[in-house]
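A short write-up of the structure that comes next.
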Amino acid sequence: MNYLLNKFFPKSEKENQKSSFGNSDTYTSELENRYFQKSAPEVLKDLFKSFKDNTDHFQRNEIHSLFELAKNYLKIENHLVNNEGNLSTQKDLRKDLKTNYPEIANTLPFSVLFKQNKSLEVELNLLLVYFLYTNATMYFANIHLLAPDSRLRSQINFEILETDFSHYAHVQKIIKAYFVELETQILNVVNQEYDQLLIKNWIERFTTIYDPLDEKYYINPDKDFVNPTTHTNDSNEIVAYKNILLDTTPTYKVETNDYNDHHAVLENLVDKAIVFDRNGTILYSNESARSVFKIENSKENASNIFDLLSEGLVKKLKEDIAPNSYMIEKNLLGKRLESPIQLADGSTTFFDISTSNNYTEVDTYCMLLKNVSKKKNTIATINKEMETAQRAAKAKSTFLSNMSHEIRTPLNVILGLSEIIKRNETKDAALLKKNIDGIDFSAKNLLSIVNDILDFSKIEAGKLSIQSYDYNIRKVITSLADGFLTKANEKGLELNTNIAEDIPNIVTGDQYRLNQILTNLVGNAIKFTNTGQVEIIVTQQDATDDKVEVSFEIKDSGIGIPQDQLQNIFESFYQVQEETNSKVKGTGLGLAITKELIALQEGELMATSKVGKGSSFYFTLPLIKSKLENIQAFNGRNNQNENQLKGLKVLVAEDNTMNQFYIKQLLNNLDIEVDIATNGKEAIDIYTSKDGDYYNLILMDMHMPIMGGVDAIKEIRDSRKYSLKKVPIVICSADVFPESRKEAIKAGIDFYLTKPVDEEAIKEVLFWLVSDEDPNLEIVASQKNQSDRNYIAIDQLRETFDNDDAFIMSLLEVFIEDTPEDYKSLCACMDREFYPRASLIAHKMKSSFMNLGMTQQGHLLQHIEKNVISQSTLAIAQRYFEQFKSVYIKTLLDVNIVLIELKRS
């Protein structure tokens, strides 16, 4: 507006721009004085002249003067923005108008200039009915309506028009209703033909006023707001447009095809769709809804939506669709909720319910229902799992607390007694031995805790498997009972063992896991029993020629377990919370591991208990009757002379100083020469600096700085890759994971020992190097049917390689591909008396058999390798070679059969 004044008004007249515009006449006179300057363009002069000519007609009605003023302002604004070199913008002009002339800007005719989008639509149509109202009341005295500005504007909230479609539709409806009511009152005082002509004329005037607006939305009494795409001065087009406003043309009538299309859309919805009116009468429902609610679509037997919903939903829906409910907060309309609804067959299903207003002439509504029962069940399952997870998290927290206690207790003993021994304060030999025994006991207890944790991690990962081999079940049970007898006697308890006579001596199964199971159960029974006895009962449940079901029961007279906690005791980290056992701690893993170990052997661990009376844990294992009549244990140390180890040379690669000290001291005590390397790179340098046959054995740690054990082994093997005779390499590592074992085997190791490595394990490897014993032991001689023997133990391979059948198959394929050629070469060398080469081939084949767990064949090849190079022991080598030939073909056949079975599975 300042731009208008600067361009067309003399500077001296600016001071008068704040004058009052209380009426149209004063404002018109001022505009005339200001705009008619010599510098004003001719088109503007014509505009003001036309405005002055029409002013006399409206001077008696100020509102009409303001409408005419708005009309001329818009024309002037349009000219300045589009024809005066774009010296100003529409936004700036209107901002200037509102700032400097608020009296004009705040009037109704100018209000639309400051609205946008839906607010502009509503404001323009309010002005339309207001314009019609002012003209009607000026011509007729019998119009008894409140002015639309007073009656309608109070019901409109412009702040929510853009986002609340429900309110926007309500505003449409009340403006239409006012228009129809005004027209009806006009018809009461004039004839219909004159009424329509008069209203058309008024609408034409109104549309002419706001023609320069970019967006023009006008009301249709029976339709939504209409936006004419074009508007010209052609009278025929104007009349046609006025007909649209009055709905006198058939253009917007609903066609039958449209109706069918709408129904086709609803009919093909997956969700259930129901259309109903304000009374709840169902006007239409799709097949999905009809099938489950048995709805009648006929007018004669129309169903009611209120009969389908629960009482609570009906109440909310009636409140939402009641007349004059547009001002209240909606419960269902425009919202989504989940609620159970009873179907026609009597069942109840959860639905996601969304209801909307169709905003039709006759109020109708649409309800969509989506079956969410599966989602609800899923959510319920998730909630249950969450509760379980939270309980597990709490249990793990308790476990960590208890674990800290369990680990620190033996550590405290080890560190404390070690400190006493280190200070050399103990002169009494018996007390010194007792201190050492205490350290040994605590260290083994600590190792047991670590093994429990490792077993539990394997169980959770599904990687723990059961082995199968022959063992004396009676001896396992009695030996275990003898081991616990001292602990029971210390508490003043009786420990009784009752093994039924019909239990076979030798069975096939996993001796180690059975021992672990009974150790956990018997240990718990003694731990939680203060007086009375603990009893181990073993009976036979069922038996066939090949199989036997053995039942085990461990009973005690201890503190017992409350019934409400009895099922929880098998959960990981769980411990019974009672004052009577508050001093008895543990990892909370024993029973969980025990239950899984029994389940892996197709059994089930169960328990009964009574507080203060004691508990009983029982399970049944299906075992296989062995073909062996007896087993004579082979103890390498007892049958070997440690003098045979003298002079052996061993290279030890170990980065830990204390482990170096332990292994070196152990080997030196056996008169074995030891070289120490602190990393893999140093081990390679030491090895390659010696002759190829200098070292009898290499002990290699897995993880070391600079270069690890696996990389070092690869380089050592590559350095002698053209030599058939390779130095045996044994990995000694604290890494118990199968992936590490696989890496080591691929690198070319002969054995894998897990830390902590005890003296017996080291000696077994050393004795194997110098062994002269018959590798057949005495088991072969006691077999009833040697032809039934399987040389390859697939269960043991799976245990070793973490159930990785793909890796096992790759090992078997390499074995089948390589060993036949080596076997032919070995036979040829023995026949032609190429004994040095026969020794090298036997050494090479030995590793192939040992890596697959076939120790018997490995021992045979070991003796061939050692004895064939000396004339004095050649006969012994020949004897072992004949034994090897007798088992080789069967071994190769076994490997092929196992490989085929693995591939089929």
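The values are calculated or read from the model by the stated rules, or taken from the named source; none is laboratory data. Bear in mind the structure is a predicted one, so any value in this text is a computation, not a measurement. Note that we place each Cβ from the backbone using ideal geometry, even for glycine, and neighbour counts take in every protein chain shown. To get the accessible areas, we keep the full protein, side chains included, count just its heavy atoms, and leave off ligands, DNA and RNA. Shrake-Rupley method; radii C 1.70, N 1.55, O 1.52, S 1.80 Å.
Just to be sure, is Val112 open to solvent by less than 80 Å² (accessible area, probe 1.4 Å), part of a helix (DSSP H, G or I) and modelled with pLDDT of 80 or more?
Values: open to solvent by less than 80 Å² (accessible area, probe 1.4 Å): yes; part of a helix (DSSP H, G or I): yes; modelled with pLDDT of 80 or more: yes.
Yes, satisfied.
Give the residue, chosen from Phe165, Phe131, that is aromatic (Phe, Trp, Tyr) and farther than 25 Å from Pro212 by Cβ.
Phe165
Of the numbered conditions (1) among the aliphatic types (A, V, I, L, M); (2) without any contact (Cβ under 8 Å) to a residue 12 or more places away in the chain; (3) in contact with a strand residue (DSSP E or B) (Cβ under 8 Å, 6 or more places away or on another chain), Ile160 fails exactly one; give the number of that condition.
(3)
Need the failing condition index for Lys487 against (1) in a strand (DSSP E or B); (2) open to solvent by 70 Å² or more (accessible area, probe 1.4 Å), just the number.
If we test Lys487 against (1) in a strand (DSSP E or B); (2) open to solvent by 70 Å² or more (accessible area, probe 1.4 Å), just (1) comes out false.
Of the residues Leu464, Leu454, only one is open to solvent by less than 40 Å² (accessible area, probe 1.4 Å), at pLDDT below 80 and at negative phi; which?
Going through Leu464, Leu454 in turn, just one is open to solvent by less than 40 Å² (accessible area, probe 1.4 Å), at pLDDT below 80 and at negative phi: Leu464.
Quick one: would you say Met850 is within 26 Å of Arg741 (Cβ to Cβ) and at pLDDT below 80?
Yes.
Just name the residue that is least open to solvent (accessible area, probe 1.4 Å) out of those in the stretch 645-691 that are among the small types (Gly, Ala, Ser) and part of a loop (DSSP other than H, G, I, E, B).
Selected residue: Gly647.
Within the stretch 692-733, take every residue that is of a type in the set (Lys, Arg) and in a helix (DSSP H, G or I) and give me the one that is modelled with the lowest pLDDT.
Arg717
Which pairs turn up if I take residues in the stretch 644-662 that are more than 16 Å from Ile716 (Cα to Cα) and look for partners that are of a type in the set (A, V, I, L, M) and in a loop (DSSP other than H, G, I, E, B) with beta carbon separation below 7 Å, at least 6 apart in sequence or on another chain?
Leu645/Leu670; Leu645/Ile672; Leu648/Ile672; Asp655/Met704
Tell me yes or no: at least one residue of the stretch 534-543 is modelled with pLDDT under 85, open to solvent by 60 Å² or more (accessible area, probe 1.4 Å) and out of contact with any Gly (no Cβ under 8 Å at 6 or more places or on another chain).
no
Of the conditions (1) modelled with pLDDT of 65 or more; (2) in contact with a helix residue (DSSP H, G or I) (Cβ under 8 Å, 6 or more places away or on another chain); (3) of a type in the set (Phe, Trp, Tyr), Phe661 clears all except one; give me its number.
(2)
Quick grid of which residues meet (1) among the small types (Gly, Ala, Ser); (2) crowded, with 18+ Cβ neighbours inside 10 Å; (3) modelled with pLDDT under 80:
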{"site": "Ile143", "(1), (2), (3)": "no, no, yes"}
{"site": "Arg153", "(1), (2), (3)": "no, no, no"}
{"site": "Ile156", "(1), (2), (3)": "no, yes, no"}
{"site": "Glu159", "(1), (2), (3)": "no, no, no"}
{"site": "Asp164", "(1), (2), (3)": "no, no, yes"}
{"site": "Val171", "(1), (2), (3)": "no, yes, no"}
{"site": "Ile175", "(1), (2), (3)": "no, yes, no"}
